[in-house]
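Novice: Got a structure for you, written out below as structure tokens; questions coming shortly.
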Amino acid sequence: MTETQGRSPSRRAVIGWGGAGIALGAVTAGGAVAMAKGGDGTDPAGAQAGGAVEFHGVHQAGIATPVQDRLHFAAFDVKTDDRDAFVRLLKDWTAAARRMTAGKEVGEGAYGGLAEAPPDDTGEALGLPPSRLTLTIGFGPSLFEKFGLKDKRPAALVDLPPFPGDNLERSRTGGDLCVQACADDPQVAVHAIRNLARIGFGRAAVRWSQLGFGKTSSTTPDAQTPRNLFGFKDGTRNIAGTETDRLKRFVWVGDGDGGANDAWMHGGSYLVARRIRMNIETWDRAPLQEQEDIFGRDKGEGAAVGKAKEHDEPFLKAMKPDAHVRLSHPDSNGGITILRRGYSFTDGTDGLGRLDAGLFFLAYQRDPRKGFIPLQRRLAAHDALNEYIQHVGSAVFAIPPGVRDADDWWGRTLLSEEA
């Protein structure tokens with residue numbers, strides 16, 4: 001990231017992060033990095049390679065934004081009972097996010113301050129471009145048990161039910177908050193989560209996190225669908241960031257959604273995150289024809305059964321009844337449509353000589369009760385792919401609307417008495 005010029009020691013640098021929200025302020029105009037202006041959070045033009053994605057907008061960036069190459073996702077537990085301290089945390093995080101997404105150091109930077117005080121920025125992203133970094137925050141169901149927020153819990157923010165075949169690990173499930181960091185450089189994404197965790201010390205702590213690589217979905221029109229670790233393309237009809245009508249219908253919370261207490265979510269969305277372990281070694285011994293039958297696609301082009309190109313409209317009845325594409329297609333589910341933004345992962349081995357690898361599935365939707373939940377019930381009961389996968393981590397979050405301007409902050413519509 002670009003260096004902060006003309007820094008001088010300050011009292012804040014000595015006493016730590018307290019009150020940093022005012023010191024960080026807004027991203028100044030005229031910087032060296034050009035912003036891609038996508039005020040609705042979709043970034044329709046996309047940032048140039050290595051450039052910055054606009055942080056402010058009606059919707060948060062990192063949802064309909066063109067999908068970056070790398071992910072660092074973290075769920076946090078809130079550690080304070082003080083509502084004012086929690087509000088200050090969100091303001092501090094917002095101020096830091098403004099700077100990091102613009103390619104700037106946090107606060108007064110990684111060096112040049114008092115030697116007796118820790119620096120404001122951890123420094124591992126010094127000299128790196130913004131790399132299209134987006135930071136997206138969400139609020140989990142458990143947060144609404146705190147700070148007198150029970151009446152503000154949206155009706156759509158339901159606890160996910162147990163699904164057949166789930167083997168959820170407590171250490172990879174739930175969370176009061178989440179932050180999704182996407183970037184084209186893994187070091188930039190990790191730097192962002194690391195600094196937010198550092199700023200949150202004493203007020204929030206990481207519950208679990210997940211690194212991701214090799215995006216498995218695209219929100220860019222006409223782009224080839226990336227492949228998952230089974231070698232197949234999946235989700236070829238994903239919503240594109242330029243499809244404003246489909247985004248409005250299936251992703252963004254609207255004025256007519258929920259009750260009076262849900263108004264703070266207008267312009268937001270709902271995120272379901274699932275860590276899906278893939279049984280790589282078993283899959284690799286399956287015959288090619290069986291693999292293609294399970295997905296309902298050919299492995300080379302990614303076309304549906306009997307079709308030539310991946311984006312050709314599939315003929316679902318030509319597939320086996322338990323084929324993944326047939327079961328998950330909107331036409332088989334009353335039109336259910338979600339925006340997919342998943343990533344592959346590998347986390348070493350499981351101690352038995354098998355790769356701990358799979359898909360970190362991220363799905364945005366207008367209402368999980370009408371999106372992920374009925375879709376997953378169908379897949380969990382009938383999908384032939386279930387023989388080769390297992391859901392081991394799970395969480396659901398309400399994604400608030402975007403930060404509108406330099407005076408706004410993450411969660412203001414929920415927590416501000418004036419909102």
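Novice: Can you put E105, E124 in order of Cβ neighbours within 10 angstrom, beginning with the fewest?
Specialist: On the way: E105 26, E124 15.
The order, fewest Cβ neighbours first, is E124, E105.
Novice: Could you work out how far apart the two model spin labels at A260 and Y111 are, taking each label as a point 7 Å from the Cα in the direction of the beta carbon, and quote it in nm?
Specialist: 5.8
Novice: By how many degrees, 0 to 90 and rounded to 10, does the Cα axis of helix 186-199 deviate from the longest principal axis of the chain?
Specialist: 50
Novice: Obtain the nm distance between the two label points defined at T220 and E281 by a simple spin-label model: each point lies 7 Å from its Cα along the Cα-to-C-beta direction.
Specialist: The two pseudo-label positions are separated by 3.7 nm.
Novice: Once you sort the root eigenvalues of the Cα gyration tensor of the stretch 331-419 as a ≥ b ≥ c, which label holds: rounded (a/c under 1.5), prolate (a/b larger than b/c) or oblate (the other case)?
Specialist: oblate
Novice: Any chance you could check the Cα centroid distance between the stretch 340-419 and the stretch 243-264 for me, in angstrom?
Specialist: Answer, in whole Å: 18.
Novice: Applying the Karplus parametrisation 6.51 cos²θ - 1.76 cosθ + 1.60 with θ = phi - 60° to the phi angles of the stretch 227-239, what ³J(HN,Hα) value in whole Hz is obtained for each residue in order, glycine and proline being reported as x?
Specialist: Once rounded to whole Hz, the list reads 9, 8, 6, 7, x, 10, 7, 9, x, 5, 9, 4, 5.
Novice: Turning to a different aspect of this structure: Whole-Hz ³J(HN,Hα) for each residue in the stretch 365-378, computed from phi via Karplus 6.51 cos²θ - 1.76 cosθ + 1.60 with θ = phi - 60°, x for glycine and proline: what do you get?
Specialist: After applying 6.51 cos²θ - 1.76 cosθ + 1.60, I find 7, 6, 7, x, 5, 10, x, 4, 4, x, 5, 5, 4, 5 Hz.
Novice: Sticking with the crude label model, points 7 Å out along Cα→Cβ, report the distance from F201 to R249 in nm, one decimal please.
Specialist: Result: 5.0 nm between the two label points.
Novice: Tell me which residues come under 5 Å, amide H to amide H, from L157 once H is placed; ignore anything under 5 positions away on its chain.
Specialist: none
Novice: Ordered by packing density, taken as the mean number of other Cβ atoms within 10 Å over each peptide's residues, highest first, how do 63-69, 246-252, 189-195 rank?
Specialist: So the order, starting with the most tightly packed, is 63-69, 189-195, 246-252.
Novice: Once amide H atoms are placed 1.01 Å from N in the peptide plane, what residues at a sequence separation of 5 or more from S394, or on another chain, have their amide H within under 5 Å of its amide H?
Specialist: T173, G174, R275
Novice: Could you put L89, L229 in order, starting from the residue whose Cβ has the fewest other Cβ atoms within 10 Å?
Specialist: Values: L89 27, L229 17.
Ranking L89, L229 by Cβ neighbours within 10 Å, fewest first, gives L229, L89.
Novice: With charges only on Cβ, +1 for K and R and -1 for D and E, what is the dipole size of the stretch 121-264 about its Cα centre, in debye, rounded to 20? List each step's numbers first, then the result.
Specialist: Working: 18 positive and 17 negative charges, 41 e Å.
Here the size comes out at about 200 debye.
Novice: With θ set to phi - 60° and the Karplus curve 6.51 cos²θ - 1.76 cosθ + 1.60, what are the ³J(HN,Hα) couplings of the stretch 67-83 in order, to the nearest whole Hz, using x for Gly and Pro?
Specialist: Each residue's phi maps through the Karplus curve to give 5, 7, 7, 10, 9, 10, 10, 9, 9, 10, 9, 7, 10, 10, 9, 8, 4 Hz.
Novice: Which length gain, in nm to one decimal place, applies between S171 and R354 when the Cα-Cα distance is subtracted from 0.36 nm times their residue separation?
Specialist: Full extension from S171 to R354 adds 63.9 nm.
Novice: Sticking with this structure for a sec: Less than 13 Å apart at the alpha-carbon level, and either on another chain or at least 8 residues along: which aspartates and glutamates does that give for K104?
Specialist: Hits, sequence-local ones excluded: E3, D120, D121, E124.
Novice: Relative contact order of the stretch 34-419, please, whole-number percent, based on alpha carbon pairs below 8 angstrom and at least 6 residues apart.
Specialist: Relative contact order, the stretch 34-419: 23 percent.
Novice: Where both residues lie in the chain, what percent of DSSP beta bridges are antiparallel, nearest 5?
Specialist: Antiparallel bridges: around 95 percent, rounded to the nearest 5.
Novice: Still on this structure: Taking amide hydrogens as modeled 1.01 Å from N in the peptide plane, which residues meet the under 5 Å criterion relative to D356, leaving out close sequence neighbours?
Specialist: Placed amide hydrogens put D347, G348, T349, D350 under 5 Å from D356.
Novice: Something else about it: With the dipole of the chain worked out from charges on the C-beta (+1 for Lys and Arg, -1 for Asp and Glu) around the Cα centre, which of G200, S218, A395 lies farthest toward the positive end?
Specialist: Sorting the options by dipole projection puts first A395.
Novice: Also, quick follow-up: Please list, by residue number, everything in the stretch 176-194 whose backbone N is under 17 Å from a paramagnetic label point 7 Å out along Cα→Cβ of D82.
Specialist: Within reach of a label on D82: no residues.
Where a number appears in this text, it was derived from the coordinates with a stated rule and is not lab data. Here the structure is a predicted model, which means the values were calculated and not measured. Cβ: placed from backbone, ideal geometry, glycine included. Neighbour counts: every protein chain shown.
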